[in-house]
Amino acid sequence: MSSSSTATESTETAATETTGTADVIGTARERIDALDGQILDLVRERMAVSAGIQEARIASGGRRVQLSREMEILDRYRQRLGKPGTTLAMTLLELCRGRV
């Protein structure tokens, strides 16, 4: 086999691998986009449920926010996701507070 045919085969193999990698990445990104859509829908649903709880609590003379419940949520996220989980939980709690 000549060196020029080896170089051509090497270039074709690299192009095939690049195309395969691009396909994998494209498919994975589509999946991430779909998951992000589901997450956003769930966050909006969580916000609505939280608003209902806050309305009921206020209507019965209670406080809008129950700090012990928020601490449970923070702990659950931290246990499952580590320190970044706490940040995520804080963001969710912030989104869900005060929408009444």
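Throughout, read-outs are computed from the coordinates displayed, never taken from laboratory work. Because the structure is a prediction, the values reported are computed rather than measured. Every residue, glycine among them, receives a Cβ derived from its backbone with ideal geometry; neighbour counts consider all protein chains shown.
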Worksheet item: Tell me, which residue of the stretch 64-100 that is among the small types (Gly, Ala, Ser) and over 15 Å from the mean Cα position of the chain (by Cα) is farthest from Glu45 (Cα to Cα)?
Response: Ser68
Worksheet item: Within the stretch 48-65, can you find the residues that are in contact with a helix residue (DSSP H, G or I) (Cβ under 9 Å, 6 or more places away or on another chain), of a type outside the set (Gly, Ala, Ser) and over 15 Å from Leu92 (Cβ atoms)?
Response: Arg63, Arg64
Item to complete: Output the number of residues of the stretch 77-98 satisfying the condition of being charged (D, E, K, R), surrounded by 13 or more Cβ atoms within 10 Å (Cβ to Cβ) and out of contact with any Lys or Arg (no Cβ under 8 Å at 6 or more places or on another chain).
Response: 1
Discussion item. Take the conditions of a type outside the set (D, E, K, R), part of a helix (DSSP H, G or I) and in contact with a Lys or Arg (Cβ under 9 Å, 6 or more places away or on another chain) and apply them to Ile58. Does it pass?
Written reply: yes
